[in-house]
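The values are calculated or read from the model by the stated rules, or taken from the named source; none is laboratory data. On a predicted model such as this, the values are computed, not experimentally measured, just so you know. Ideal geometry is used to build each Cβ from the backbone, glycine not excepted, and the neighbour counts take in all protein chains shown.
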Amino acid sequence: MLQKVFLLLCLMTLISSLVKAEEPAQSKEKATSLIKASIEALGGQAYLSVKSEKSQGLVTPYRETVPDSNDIQPDKRGTQSFIDYILLPNKERVEFKGQGRLFIQSNADKHNWTYDSDSELLRDQTQAQKDRFLRTLRYQVDKILRGGWNDPSIEITYIPRQELWPRQYGEGVKLTYLDKEEAELFFDPQTKLPIALRFPKDTYEGQRVKAENRFFKYIDINSLKTPYVVDLFENGKQVLRINYDTREFNIPISDKLFVKPNNIKAIK
């Protein structure tokens, strides 16, 4: 009798260990399937084949009407227009205009610079600014879906369906990087389109915050689906809204655009 009990316990232990061993594999399989479904929803091979993008629109900051309150409203006076040039895999130039000011930030290999018309300064970026850009690249939804998720050094696991904000549900994928930082990408259960990305972020003031980007108003552009409204949150509070007017893909963008000009006159 004791021998039968011992054998039964051994069998139960073996089954339990096999189930636990299968769980990570099943989680990765479900996460992979979800990512692939989202890529197809975004345009499939056409989405993966994007090499460049030029977009234009408006950026509106959100501010608390009363300090330390939850009453957060758009600050229309702070709205700026922008033009964003992206040349994959790692070149980007953004130009902001508003209240008579032009600010440019350009990142590309060895050419990392900024220009501010208020101070009339054209200068190289600091190491902290360059590092912040590289971290931003890591947590871009397109960077993740166009292959970042499949990096052997990144662990992916499935996140079951949950309520992300009132009446908006999603299922997701958690990405764990070698440095133990984590990002969570959520998808709409019906359309499979990305609806939220949560990630750690260092602000310009050097403060570490929990950031979240929410994606809305997907529009079809030449077989691609792309969001035209993006809301940015930090520590649960909205700080910014991006409204796109136009988004163009796979258009010619010269490498010269990212090279630091010799002087200010070359910009103007």
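For the reader, a short list of remarks on this structure follows.
- For the range 132-156, filtered to residues that are over 16 Å from the mean Cα position of the chain (by Cα) and among the charged types (D, E, K, R), the residue that is nearest to VAL209 (Cα to Cα) is GLU155.
- Single residue of VAL209, VAL259 found to be among the aliphatic types (A, V, I, L, M), touching a residue at least 12 places away in the same chain (Cβ under 8 Å) and closer than 21 Å to ALA196 by Cα: VAL209
- Scope the range 164-195; condition farther than 18 Å from PRO24 by Cβ and of a type in the set (S, T, N, Q); matching residues: GLN168, GLN190, THR191
- Among the residues of the range 226-252, the ones that are within 19 Å of ASP202 (Cβ to Cβ) and not in a strand (DSSP E or B) come to 2 in all.
- For LEU87, the conditions (1) touching a Ser or Thr at 6+ places or on another chain (Cβ under 6 Å); (2) surrounded by fewer than 11 Cβ atoms within 10 Å (Cβ to Cβ); (3) not aromatic (Phe, Trp, Tyr) all hold with the exception of (2).
- Residue in the range 207-217 that is polar (S, T, N, Q) and farther than 20 Å from LEU34 by Cβ present: yes
- Picking from residues in the range 218-256 that are among the aliphatic types (A, V, I, L, M) and loosely packed, with under 13 Cβ neighbours inside 10 Å, the one that is farthest from ARG123 (Cα to Cα) is ILE219.
- Looking across the range 114-127, the residues that are in contact with a Phe, Trp or Tyr (Cβ under 9 Å, 6 or more places away or on another chain) and either closer than 14 Å to LYS260 by Cα or in a helix (DSSP H, G or I) (or both) come down to THR114, TYR115, ASP116, LEU121, LEU122, ARG123, ASP124, GLN125.
- Number of the exception - VAL50 against (1) closer than 21 Å to ILE242 by Cβ; (2) part of a helix (DSSP H, G or I); (3) at pLDDT 95 or above: (2)
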